[in-house]
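The values are calculated or read from the model by the stated rules, or taken from the named source; none is laboratory data. Just so we're clear, the structure is a prediction, and the values are computed from it rather than from any experiment. Here Cβ is always computed from backbone atoms with ideal geometry, including for glycine, and neighbour counts include all displayed protein chains.
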Amino acid sequence: MSLPNTYWLYNNTENDGANTGNASGGAGDASSYWVVIDLTNDTILFLDDQQTDGDPNSGTKYPVIIPDSGDLEAPKTFVDDDSASIFDQVPLAGTTNGEQSGGDTRYVFAIYFDGATAGIPTLEAWDDNTHDTADDDFLGGGTPANSTLLAITTTNGSPGSATWAGTPLSGTDSSIELDTAALSAAKNLYFNIKQVIPSTFTPQSNSDIVLTLRFLYS
Amino acid sequence: MSWRIRVTFMGKLSPKTYITPDIRHKNPGWADEIFNRTIESIEFFLPTGHKLVMSGMEQYNFFVEASQSIKGTGCVKIKAFWFCGKLPGKDIVEMWRVGDGKVIRDRKPWGHEWGGGPTRGWKAGSSGKPVAMIRK
């Protein structure tokens, strides 16, 4: 149970199929296609529906527009793919309240472990890479339940609802377990994620928030 | 000896003790064959000159808490080292977390010791008078 290597991937198709390429991604089940995320240079983005799959990342970026009333699920989800210099869409992310192909979808984001773990891996969100605080307005401004990032584990099945609620992500106070037990061998863990912005949200100019995987090995 | 674990085993078989390499830089090897003998005590040597000592536990576990972030360095960061001992005859785990410049002692229910869930890698100990302390 030495330190496992971990790889983050996303499915950039509308086809809900597993990542059979493991660490390398590529063509997966059901004509899905998995792209390995460069953890240093790539970014997950929740954007307005004006953004188009394949837009150059040097061009205009269309942020989510705060709704006049109620809550708004970010219409589209992308990965800013640094090596390809494009915004690559993640069509199955989110729910049917968004404006892409999300819903009761299982194979959206994957984290592949190439070995066992000593505990159940968790997914968290923090203000920055120091993981000291989770008070950013996007993470609820100190109230974890108000985090705009909501995720659901899909390792062992789809969410069960096309409008799944998800768990707000904010530090260790509110996170998700990516499986039901510690990993005894190499495995792909899956999750879906969305951003929901309330009408009361204060516009933000910038943020360093990070999605974080926490796990145990020995 | 800083950042090393010394394990003392029960019985007279050699080696009686095993010392890990610096666990900040090397895999601790807790899953290796050497740790499969019944454990009498565990010591962890802190850089302050103190050592964390556990003995008399029914079972022992050790693991490294690590993290990795998108938009981070891409590397896995070690957040903490955990030393756990299951109290003899009780469903309680004595836990020590060494990380962020602090040593924190805690107790958790057996099977719910980390993040509310169970952990893997428990090794047999020799139940006796449980000791969990830090000393020079």
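Consider the stretch A:172-181 and keep the residues that are of a type in the set (Gly, Ala, Ser) and closer than 14 Å to A:LEU213 by Cα. The one that is farthest from the other protein chains (Cβ to nearest Cβ) is A:SER174.
Within the stretch B:68-79, residues that are over 15 Å from A:ASP127 (Cβ atoms) and more than 7 Å from every other protein chain (Cβ to nearest Cβ) sit with their Cβ atoms under 9 Å from residues that are of a type in the set (D, E, K, R) and part of a loop (DSSP other than H, G, I, E, B), at 6+ positions apart or across chains, in these pairs: B:ILE78/B:ARG24; B:LYS79/B:ASP100. Of all residues in the stretch B:2-18, those being within 17 Å of B:SER127 (Cα to Cα) and surrounded by 14 or more Cβ atoms within 10 Å (Cβ to Cβ) number 4.
Here A:GLU124 fulfils each of the conditions (1) among the charged types (D, E, K, R); (2) outside any strand (DSSP E or B); (3) facing chain B (nearest Cβ under 9 Å) apart from (2).
Name the residues in the stretch A:198-218 that are more than 26 Å from A:ASN41 (Cβ to Cβ) and more than 13 Å from chain B (Cβ to nearest Cβ), would you? Scanning the stretch A:198-218 gives A:PRO198, A:SER199, A:THR200, A:PHE201, A:THR202, A:PRO203.
For the stretch A:195-213, the set of residues classified as surrounded by fewer than 23 Cβ atoms within 10 Å (Cβ to Cβ) and either assigned to a loop (DSSP other than H, G, I, E, B) or of a type in the set (Lys, Arg) (or both) consists of A:SER199, A:THR200, A:PHE201, A:THR202, A:PRO203, A:GLN204, A:SER205, A:ASN206, A:SER207, A:ASP208, listed by residue number. Checked against the criteria, B:GLN59 does not count as within 13 Å of chain A (Cβ to nearest Cβ) and either touching a Leu at 6+ places or on another chain (Cβ under 6 Å) or of a type outside the set (A, V, I, L, M, F, W, C) (or both). In the stretch B:20-47, of all residues being among the β-branched types (Val, Ile, Thr) and at pLDDT below 95, the one that is farthest from A:ALA185 (Cα to Cα) corresponds to B:THR20.
Summed over the stretch A:129-186, residues that are part of a loop (DSSP other than H, G, I, E, B) and either among the aromatic types (Phe, Trp, Tyr) or surrounded by fewer than 17 Cβ atoms within 10 Å (Cβ to Cβ) (or both) total 22. Of the listed requirements (1) within 14 Å of chain A (Cβ to nearest Cβ); (2) surrounded by fewer than 17 Cβ atoms within 10 Å (Cβ to Cβ); (3) part of a strand (DSSP E or B), B:PRO21 misses just one: (3). Within the stretch A:101-122, the set of residues being farther than 21 Å from B:ASN61 by Cα, surrounded by 22 or more Cβ atoms within 10 Å (Cβ to Cβ) and not hydroxyl-bearing (Ser, Thr, Tyr) comprises A:GLY102, A:VAL108, A:PHE109, A:ALA110, A:ILE111, A:PHE113. Checked against (1) touching a strand residue (DSSP E or B) at 6+ places or on another chain (Cβ under 7 Å); (2) away from chain B (no Cβ under 12 Å); (3) on the phi < 0 side of the Ramachandran plot, A:ASP136 passes all but condition (1). Candidates in the stretch A:25-38 are the residues that are surrounded by fewer than 21 Cβ atoms within 10 Å (Cβ to Cβ) and more than 12 Å from A:PHE109 (Cβ to Cβ); of these, the one that is nearest to the chain's Cα centre (by Cα) is A:ASP38. Residues in the stretch A:1-45 that are away from chain B (no Cβ under 14 Å) and in a strand (DSSP E or B): A:ASN11, A:GLY26, A:ALA27, A:TYR33, A:TRP34. Among the residues of the stretch B:89-104, just one is under 17 Å from B:GLY56 (Cα atoms), among the charged types (D, E, K, R) and in a strand (DSSP E or B), namely B:GLU94.
Looking across the stretch B:24-54, the residues that are within 14 Å of chain A (Cβ to nearest Cβ) and part of a loop (DSSP other than H, G, I, E, B) come down to B:ARG24, B:HIS25, B:LYS26, B:ASN27, B:PRO28, B:GLY29, B:TRP30, B:ALA31, B:ASP32. Looking at the stretch B:56-86 only, could you name the residues that are closer than 19 Å to B:PHE35 by Cα and assigned to a loop (DSSP other than H, G, I, E, B)? Residues satisfying the conditions are B:GLY56, B:MET57, B:GLU58. Just the residues that are more than 19 Å from the chain's Cα centre (by Cα) and either surrounded by 13 or more Cβ atoms within 10 Å (Cβ to Cβ) or in contact (Cβ under 8 Å) with a residue 40 or more places away in the chain (or both), please, taken from the stretch A:47-56. Across the stretch A:47-56, the qualifying residues are A:GLN50, A:ASP55.
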